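Student: Got a structure here, written out as structure tokens. Questions coming.
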Amino acid sequence: MDARLNLYGNSVATKFARYINSAGKVVSDSTLPAATQELVKIRASQINGCGFCTDMHTKDAAHAGESAQRLHLVAAWREAKVFTDAERAALELTEQGTRIADAAGGVTDEAWANATKHHDEDQLAALVSLIALINAYNRMNVIIQQPAGDYQPGQFG
């Protein structure tokens, strides 16, 4: 399987990626826990069917010390006892923020209120930004059919 477009060899795509990677650095440097950030990226990528990002973020999370058990249970987080209440709130917000088109009302007040119980304003800003950012990456990769499986942790810096 080959990608429809080489994002790494196209000057427009490279320039765009540089800008959104800069936005991502703001989130990664925030006080939102790194483990939560990876869980959010994995869950949105699963929902969007982005194999490239699912591969990348599960490998990055494992490399950073995340347990295999938690990684295997991200897709079934509601039934899993291995996530904190704060992580569960972030995963719920991720699902609702990713499935906006599937839900007439978008993100519910209940999901937002639950997220505010576990995250301060800066963490909420980082969380909302991260959900938007990973959805952008997912869409780019799904549109061009970016192949998955070859990613190595730290490959992009």
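Student: Mind checking which aspartates and glutamates have their Cα closer than 18 Å to the Cα of K117? Skip sequence neighbours fewer than 8 apart in that chain.
Tutor: Result set, ordered by chain and number: D85, E87, E92, E95, D109.
Student: Something else about it: For the chain, modelled as a Gaussian network with Cα springs under 10 Å, which listed residue fluctuates most, G49, G97, G105?
Tutor: In this elastic network of the chain, the residue with the biggest mean-square fluctuation among G49, G97, G105 is G105.
Student: In the Gaussian network model of the chain, springs joining C-alpha atoms below 10 Å, which of V107, V142, V12 carries the largest mean-square fluctuation?
Tutor: Greatest mean-square fluctuation among the candidates belongs to V12.
Student: Considering Cα pairs under 8 angstrom that are at least six residues apart, work out the relative contact order of segment 75-157 and quote it in whole percent.
Tutor: So the answer I get is 24 percent.
Student: How much length would be gained if the chain were fully extended between N21 and D102, taking 0.36 nm per residue of separation minus their Cα-Cα distance, in nm to one decimal?
Tutor: Contour length minus Cα-Cα distance gives 26.4 nm.
Student: Keeping every protein chain in place, order Y137, Y8 by accessible area at 1.4 Å, biggest value first, i.e. largest first.
Tutor: The most accessible residue leads, giving Y8, Y137.
Student: Helix 121-144 versus the longest principal axis of the chain: what is the Cα-based angle in degrees, 0 to 90, to the nearest 10?
Tutor: 40
Student: Additional query: Quick one: pull the percent of accessible area on segment 40-129 belonging to carbon and sulfur, 1.4 Å probe, ligands and nucleic acids left out.
Tutor: 52
Student: Another question, if that's okay. Where the centre of each part is set by its Cα atoms, how far does segment 1-39 sit from segment 101-123, in angstrom?
Tutor: Each part reduced to its Cα centre gives a spacing of 24 Å.
Student: Right, here's the next one. Enter the mean projected area of the convex hull around the alpha-carbon atoms of the chain, in nm², rounded to one decimal.
Tutor: Mean projected area of the Cα convex hull: 9.5 nm².
Student: Here is a follow-up. Using a 1.4 Å probe and counting only protein heavy atoms, arrange I100, I134 so the residue with the most accessible area comes first.
Tutor: Ranked from most to least accessible, the order is I100, I134.
Student: Using only helices, what value at 222 nm comes out for the chain when you add -39,500 (n - 2.57) per DSSP H run of length 4 or more and divide by the total residues, to the nearest 500 deg cm²/dmol?
Tutor: -20500 deg cm²/dmol
Student: In the full protein assembly as shown, how much of F16 is accessible to a 1.4 Å probe, in Å² to the nearest 10?
Tutor: Probe radius 1.4 Å; accessible area of F16 about 100 Å².
Student: Moving on to the next point. Where q = 0.21 Å⁻¹, what log10 of I(q)/I(0) comes from the Debye formula for segment 1-42, counting one point per Cα?
Tutor: With no solvent term, the Cα-only Debye profile gives -0.77.
Student: Quick check: the angle from helix 85-98's long axis to the longest principal axis of the chain, C-alpha only, nearest 10 degrees?
Tutor: The answer is roughly 50 degrees.
Student: For helix 11-28, report the angle its Cα long axis makes with the longest principal axis of the Cα atoms of the chain; keep it between 0 and 90° and round to the nearest 10°.
Tutor: Tilt relative to the chain: about 30 degrees.
Student: For segment 1-148, what is the accessible area per residue in Å², given a 1.4 Å probe and the full set of protein chains?
Tutor: 55
The values are calculated or read from the model by the stated rules, or taken from the named source; none is laboratory data. This one's a predicted model, so the numbers in the text were calculated from it and none came from an experiment. Just so you know, the surface numbers come from the protein's heavy atoms only, side chains and all, with ligands and any DNA or RNA stripped out. Shrake-Rupley method; radii C 1.70, N 1.55, O 1.52, S 1.80 Å.
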